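Reading through the structure tokens given below for one structure.
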Amino acid sequence: MDYFIHHTAIVDPGCDIGNGTKVWHFSHIMTGCKIGESCNIGQNVVISPGVVLGRNVKVQNNVSVYTGVICEDDVFLGPSAVFTNVINPRSHVIRRDQYAPTLIRKGASIGANATVICGNEIGSYALVGAGSVVTKPVKPYALVVGNPARQMGWVSEYGHSLDFDFEGNAVCPETGQRYHFDNDSVTRIS
């Protein structure tokens, strides 16, 4: 065992937990999930069966990551973020075979108290603002806010707003990385 599990956390048998991962107070890691290396699982978190977390995923306090959710490497899930896995849940109707997958791509961040409706993909390095409700796919590098979430701009891999010039080029003020905007999408060019 080359990971840390707080003594109040519950880890069911049959989990795959990567080296260097930390699971904090009162969290429940359920059978059949896969957690990559160097992840940090905050307190009062539930990771359901079949969930996949890549390397270096940060799950802040009070997040429930339900079956059907896949997070690639370097994803950030803010405090009390919410995921769903059925479009039309009913207590009296069993729909466990109808879970809609949700994919959070590399480097994306989901803000505190945001809700991601199942069946959507959050693009690489996208930033979902705190309290937003995601009801449709989010493009890579997009900044979305509100209920329902609407795109308000573009961000760099370090989360800074990108201001594109007339040729469609922008520079991250922190790293100097260059980005290009064309055909309603952003790509990193350096």
Check: Does PRO148 fit the bill of being without any contact (Cβ under 8 Å) to a residue 12 or more places away in the chain and either within 21 Å of VAL63 (Cα to Cα) or buried (at least 18 other Cβ atoms within 10 Å of the Cβ) (or both)?
Finding: no
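Answer yes if at least one residue in the stretch 173-185 is surrounded by fewer than 14 Cβ atoms within 10 Å (Cβ to Cβ), part of a strand (DSSP E or B) and without any contact (Cβ under 8 Å) to a residue 24 or more places away in the chain, and no otherwise.
Checked against the condition, which is being surrounded by fewer than 14 Cβ atoms within 10 Å (Cβ to Cβ), part of a strand (DSSP E or B) and without any contact (Cβ under 8 Å) to a residue 24 or more places away in the chain, the stretch 173-185 yields at least one hit.
Laboratory data are not the source of any read-out in this text; all were calculated from the coordinates shown. Owing to the predicted nature of the structure, the values given are computational and were not obtained by experimental measurement. Glycine gets a Cβ as well: all are built from the backbone with ideal geometry, and neighbour counts include every protein chain shown.
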